[in-house]
Amino acid sequence: MNKPFKIVSPLNSITHGDEAKSSADQRTYKADFGKFARTFPDFKFRWTAERGAGDLWRKFLEIGLSADDLADKRFTRLRWLRHLLKTDQLDESLEWNRPAQREAYSEAGALR
């Protein structure tokens, strides 16, 4: 997974490696798989990060997902929360305002 790669399409690109460091989101998702490798020494991954990203990209194209869709509030947690607050579905403590929503959310196992 340390090998840099880039997948380019007419809509956008997916980059992993040094070139990706210039993007706005500077969070890191580094993980150490040493314990996994020691526990399962014969395990071989079937997919690389590049292959997985490419597969996701093809699926996005198949369903017609656009760059505008990805910028929509449905795919950005803070935008979605702002929408729920603005439409009074959540209160200031991020609790559901409507009993039916709170009950449905609770039944789904989200409230413990």
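Checking each residue in the stretch 43-73 for being among the small types (Gly, Ala, Ser) and assigned to a loop (DSSP other than H, G, I, E, B) picks out Gly64, Ser66.
Residues are listed down the side, and each one gets a yes or a no for (1) surrounded by fewer than 10 Cβ atoms within 10 Å (Cβ to Cβ); (2) modelled with pLDDT under 85; (3) in contact with a Ser or Thr (Cβ under 7 Å, 6 or more places away or on another chain):
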| site | (1), (2), (3) |
| --- | --- |
| Phe5 | no, yes, no |
| Val8 | no, yes, no |
| His16 | no, yes, no |
| Thr28 | yes, yes, no |
| Phe33 | no, no, no |
| Gly52 | no, no, no |
| Lys73 | no, no, no |
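The values are calculated or read from the model by the stated rules, or taken from the named source; none is laboratory data. Note that the structure is predicted; figures quoted are calculated from it, not measured. Here the Cβ is made from the backbone with ideal geometry for all residues, glycine too, and neighbour counts use every protein chain on show.
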